[in-house]
Structures are given as structure tokens and as C-alpha cells.
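Peer 1: Would you mind keeping the following structure in view while I ask a few things?
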Amino acid sequence: MVVAVIADIVGSRQLRDRAGAQREFDETIARVEREHSLAIQPLRPTVGDEQQGVYGSLHDAMAGVLLLQLALPQGVEFRYGIGIGEIRAIESAHRELSDGPGWWAAREAIETVHARQERAVPSARSWIVAARGQDEVMDAQVSTGNAYLLARDAIVVRMTERERRLAYGRIGGLSQSALAEQEGITQPAVSKALRSSGASALLDGLALLTGERA
């Protein structure tokens, strides 16, 4: 069993340069995958405003989503539907296609996060749905995972672009001194930004998800 991820663009109709935003997405996705290599099938554009990708585990999918959230430039962002379930290949003469409960669950997840964002939780950006037939352990993991994602998204959407860059850099192994030089600020300023923005909590959470990869 694998984990399907569908990402769609937040506020795509308000983007002044849709083609430019797509290039930003493509370049950022390629960078994250090159630097962290978590996906079995990295996110790729499909139809409309969507991207689709496949991960080998729920933890990898949640980690991959966070890395992309942190890496995207200011003003462009995704919603993420994470679906747990079987994915089946479909024969096509033109390109690789797939279908199955994993994709249906991801579709339900992205509809759920969209609805939550429009109503009571505007900071919501990601959600998990498991296909029918999962065991009680997986159901518990999904509930816990969604609680974690709600809190995590609330932190990320309030971060400045610099704070996200600092968090991403620390995840990539850069020291606070290296980040300070990169940003043209002092090391104490980097330390303060990581603490006050919630980035330190994100780093600890990611370490729990990915173990030695964090």
C-alpha cells in the first residue's frame, strides 16, 4: 500500500501570472525532491491546478508536504489531500495513468481541507483520508495525523518567507551561522526567529516523523 497526494493551488484565480506560478511550483518541487528524495513519484502537474504524487508511507507524505510548504516562495501555496489506499496502474498509449482507492481518498481529503479552510479553519492546508477497509491502527494514525496537521498548518501559514527559509535550511542541515550569512543577519537573530516563529517545533515534529532523515 502507498500514499497518494493531490495538491491544488490556493487562490489560483487571483494569481496575476499563472504560468509564472506554475514554473515556481515545478522548480520548487524539483528542488525539494533533489535535496530530500522522499517521494516514489514526485508531484507532477495533471489537469487544471492540480499536482499528483505518490509516497511510500504516511510519514514520508507528511514530511514531503511540510518541506514543500516551507520551500515555496511567498504568495504561492498548495492545499494537500493525502490518501491512503491501493493505487492501480492503467494502461495508456500516451502516458502513465493510475486509479484506485488511494486516489479517491486523496480526492476526498482535498475536498475536506478546502471545506475546512472556507469555514472554521482558514489556516488548514492539508488533510488525510484512508480508503475503506483499513484497520483500527490505521484509523488511529489518521486521526492523530490530522490533529498534528491542523496545528502544523497553523504555524506554517503564519510564518514569514524568511522564517520558512530558515526552517527549511535547518532541516537541510545548515547551521545557524551559515543561515545568518545567507540571510545577511546575525546568528542570534536566526536563533530568535526559529524560536518565535514555531520553526523549532516544526523541526522536532519532523524529526519524530522521519527519524534519521530529519
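Bear in mind that the values in this text are calculations on the coordinates, not laboratory data. Quick caveat, the model's predicted, so the values are computed rather than measured. Don't worry about glycine lacking a Cβ; one is built from the backbone with ideal geometry, like all the others, and counts go over all protein chains shown.
Peer 1: Once amide H atoms are placed 1.01 Å from N in the peptide plane, what residues at a sequence separation of 5 or more from R44, or on another chain, have their amide H within under 5 Å of its amide H?
Peer 2: Those qualifying (amide H under 5 Å, at least 5 residues apart or on another chain) are Q52, G53.
Peer 1: To the nearest 20 debye, what charge dipole does the chain have about its Cα centre, counting +1 at the Cβ of each Lys and Arg and -1 at the Cβ of each Asp and Glu?
Peer 2: 640 debye
Peer 1: Just from the alpha-carbon atoms, what are the Rg and Dmax of the chain in angstroms?
Peer 2: Rg then Dmax for the chain, in Å: 17.2, 57.
Peer 1: For the chain, set up a GNM with springs between Cα atoms under 10 Å and report which of I110, I87, I185 has the largest fluctuation.
Peer 2: Of the options given, I185 has the highest mean-square fluctuation.
Peer 1: Using Cα pairs under 8 angstrom and six or more residues apart, how large is the relative contact order of the chain, in percent?
Peer 2: Averaging sequence separation for qualifying contacts and normalising by length gives 19 percent for the chain.
Peer 1: What is the mean projected area of the alpha carbon convex hull for the range 160-214, to one decimal in square nanometres?
Peer 2: Computing the convex hull of the Cα atoms and averaging its projections yields 3.4 nm².
Peer 1: Could you derive backbone 3J(HN,Hα) for the range 103-111 from the dihedral phi with the Karplus parameters 6.51, -1.76 and 1.60 (θ = phi - 60°), listing whole Hz in sequence and x where the residue is Gly or Pro?
Peer 2: For the range 103-111, the Karplus-derived couplings read 5, 5, 5, 5, 5, 4, 5, 6, 5 Hz, x marking Gly and Pro.
Peer 1: Also: Could you go through the range 166-176 in sequence order and give the Karplus-derived ³J(HN,Hα) for each residue, using 6.51 cos²θ - 1.76 cosθ + 1.60 with θ = phi - 60°, rounded to whole Hz, and x for Gly and Pro?
Peer 2: 5, 5, 5, x, 5, 4, x, x, 6, 6, 4
Peer 1: Could you quote the convex hull projected area for the range 96-198, Cα atoms only and averaged over all directions, in nm²?
Peer 2: 9.3 nm²
Peer 1: Per-residue HN-Hα couplings for the range 154-164, Karplus 6.51 cos²θ - 1.76 cosθ + 1.60 at θ = phi - 60°, whole Hz, x for Gly and Pro?
Peer 2: Each residue of the range 154-164 in turn: 4, 6, 5, 5, 8, 6, 6, 4, 4, 4, 5 Hz.
Peer 1: Non-local amide H neighbours of S126 (under 5 Å, H modeled in plane, Pro and chain starts lacking H): which ones?
Peer 2: Amide H neighbours of S126: Y80.
Peer 1: Separate question: What is the set of long-range amide H partners of L38 at a cut-off below 5 Å, with H atoms built 1.01 Å from backbone N?
Peer 2: none
Peer 1: While we're here: Kindly work out what percent of the DSSP beta bridges joining two residues of the chain are antiparallel, to the nearest 5. Let's see the in-between values first.
Peer 2: Working: 21 of 26 bridges.
Of those bridges, close to 80 percent are antiparallel.
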